[in-house]
1. Report whether or not Arg368 is of a type outside the set (S, T, N, Q), more than 17 Å from Ala329 (Cα to Cα) and in contact (Cβ under 8 Å) with a residue 60 or more places away in the chain.
2. Select from region 214-224 the residues that are assigned to a loop (DSSP other than H, G, I, E, B) and either acidic (Asp, Glu) or surrounded by 15 or more Cβ atoms within 10 Å (Cβ to Cβ) (or both) and list them in ascending order.
3. With the checklist (1) in a loop (DSSP other than H, G, I, E, B); (2) out of contact with any His (no Cβ under 7 Å at 6 or more places or on another chain) in hand, flag the one item Gly258 doesn't pass.
4. Filter the helices (runs of 4 or more DSSP H) completely within region 360-463 down to those with at least 2 residues that are in the same structural domain as Phe320 (by TED's automatic domain parsing) and within 24 Å of Ile311 (Cβ to Cβ).
5. Working carefully through the options Val100, Val117, find the one that is surrounded by 15 or more Cβ atoms within 10 Å (Cβ to Cβ), hydrophobic (A, V, I, L, M, F, W, C) and in contact with a His (Cβ under 6 Å, 6 or more places away or on another chain).
6. Could you list, in sequence order, the residues of region 172-189 that are of a type in the set (A, V, I, L, M) and either more than 26 Å from Asp112 (Cβ to Cβ) or surrounded by fewer than 16 Cβ atoms within 10 Å (Cβ to Cβ) (or both)?
7. Would you check which residues across region 159-185 are assigned to a loop (DSSP other than H, G, I, E, B), over 22 Å from Ala139 (Cα atoms) and not hydrophobic (A, V, I, L, M, F, W, C) and list them?
8. Go through region 419-440 and count every residue that is surrounded by fewer than 20 Cβ atoms within 10 Å (Cβ to Cβ) and either among the aromatic types (Phe, Trp, Tyr) or touching a residue at least 40 places away in the same chain (Cβ under 8 Å) (or both).
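The values are calculated or read from the model by the stated rules, or taken from the named source; none is laboratory data. All values reported here derive from a predicted model rather than from experimental measurement. As a convention, Cβ positions derive from the backbone with ideal geometry for all residues, glycine included, and neighbour counts pool all protein chains shown.
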Amino acid sequence: MVEEHALPTLEQDGHEDVYSLSAKRLAAILFAVERGDRDALIEEIEPLHAADIADLLEQVNAYDRRRLILLYGHDFDGDILSELDEGVREDVISVLHPQVLAEAVRDLESDDVVDLVEDLEGDAQEAVLASLHASDRVAVEKSLAYPEFSAGRMMQREVVMGAEHWTVGHAIDFMREAQELPEDFYHMVLVDPRLRPVGHVTLGKILGAPRGQKLNELMEPGFRTFSVDESEADVAYAFNQYHMISAPVVDEAGRLVGVITIDDAMNVLDEEHEEDILRLAGVGEGSLADRVFETVRARIPWLAVNLVTAILASLVIAQFEATISQFVALAVLMPIVASMGGNAGTQSLTVAVRAIATRDLTGANVWRVIRREVLVGLANGLVFAVIMGVVGVLWFGSPALGMVIAASMVINLVIAGLAGVGVPVLLERLGIDPALASGAFVTTVTDVVGFFAFLGLAAMVLL
């Protein structure tokens with residue numbers, strides 16, 4: 001039996017942040033769950049942000065997660081579902097009581113509900129839809145009818161709009177009398193009689209202007225709308241590029257159907273950046289919450305590709321078996337050439353993939369960027385050629401060997417710079433995600449070229 005004084009307390013550490021999820025707080029929460037003490041659990045969880053509670057649910061095992069959710073009960077916040085990893089989210093929904101789930105989901109904005117539902121399957125998705133009011137369910141299902149990764153999926157349907165002929169007084173009275181306003185909004189969208197957006201006005205300007213001033217005199221410059229079927233990546237790019245806060249979404253007839261806010265746009269950018277990083281490493285879209293089988297299944301294809309490229313590089317080495325047998329030093333120095341080329345190629349590749357994602361690398365400047373990376377490879381190659389040339393002479397007492405590794409170092413680093421930019425650009429032109437496939441191709445190029453240059457030069461110079 002655990003003694004009462006074993007319960008961790010936040011007061012023990014004067015530097016503890018009471019609003020964050022620390023190891024001490026996590027221990028206190030699990031202790032409360034173990035004892036079935038709901039009051040203590042609520043006391044520990046209450047100050048936490050929904051994102052921190054989601055982190056908590058992702059960090060604990062399935063058994064403790066289930067007990068925690070059941071003990072938490074009707075206080076479960078819908079925002080927690082929005083913050084959860086996809087794999088954990090389905091487990092949490094399956095544990096939640098239907099009434100608790102209904103209350104949690106109804107508190108969410110429509111875009112958050114759509115984001116929640118589209119990642120679920122089967123019973124979990126139906127459970128969320130069934131928890132909605134009929135009108136909300138229809139709105140969510142309409143959003144789900146739009147293409148995946150489109151502005152229609154990304155938008156929220158709660159919009160604050162007013163007539164283009166309204167005054168500031170009209171707008172303020174309208175918002176004060178509205179029974180329900182979006183939880184977060186930044187503009188009032190002005191529409192014509194056909195509900196087509198003509199501009200928008202920030203809340204700051206509305207509150208700072210005289211009641212009699214026309215709203216259309218306060219409209220923001222650079223106003224633009226997005227179509228429901230526009231790519232979410234294009235939307236996020238526009239928000240980032242033009243420093244937008246919110247923007248209306250229109251249907252095929254140009255009528256206002258929703259609005260996208262900056263938090264949703266930034267989420268898309270973050271997801272794309274994270275996806276690019278994971279794909280460059282060949283681990284797909286996995287997370288720490290994935291099961292072993294799911295992780296193995298995601299990683300095996302790229303390990304298989306890497307095996308094929310390694311065999312290809314080995315075939316090149318096999319062609320120079322006689323040369324290697326006569327000069328054992330070649331076997332010692334080969335990995336250096338390949339490793340330097342691989343690292344240099346990865347550096348150029350990372351810069352190129354990032355530039356393609358942010359649209360900084362385009363057809364207008366691609367040759368300038370390639371030329372720059374080739375020159376960088378040449379400069380780095382010359383620096384390390386001198387170093388390795390000296391190493392070759394001092395280590396093995398052979399000026400010829402030093403010259404061979406120096407020359408091969410220059411060749412491989414130049415090719416690495418060329419491939420690091422050229423491969424992702426070519427894949428992007430072919431409609432293939434550069435982050436997904438570039439790494440394997442660039443590694444193959446640098447390994448094959450590095451081994452071929454080093455062993456080929458050795459065969460010509462040393463024999």
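1. No: the conditions fail for Arg368.
2. Passing the criteria: Leu218, Met219, Glu220, Phe223.
3. The number of the failed condition is (1).
4. 399-429, 434-462
5. Of the residues listed, the single one that is surrounded by 15 or more Cβ atoms within 10 Å (Cβ to Cβ), hydrophobic (A, V, I, L, M, F, W, C) and in contact with a His (Cβ under 6 Å, 6 or more places away or on another chain) is Val100.
6. Ile172, Met175, Ala178, Leu181
7. Glu164, His165
8. Count: 4.
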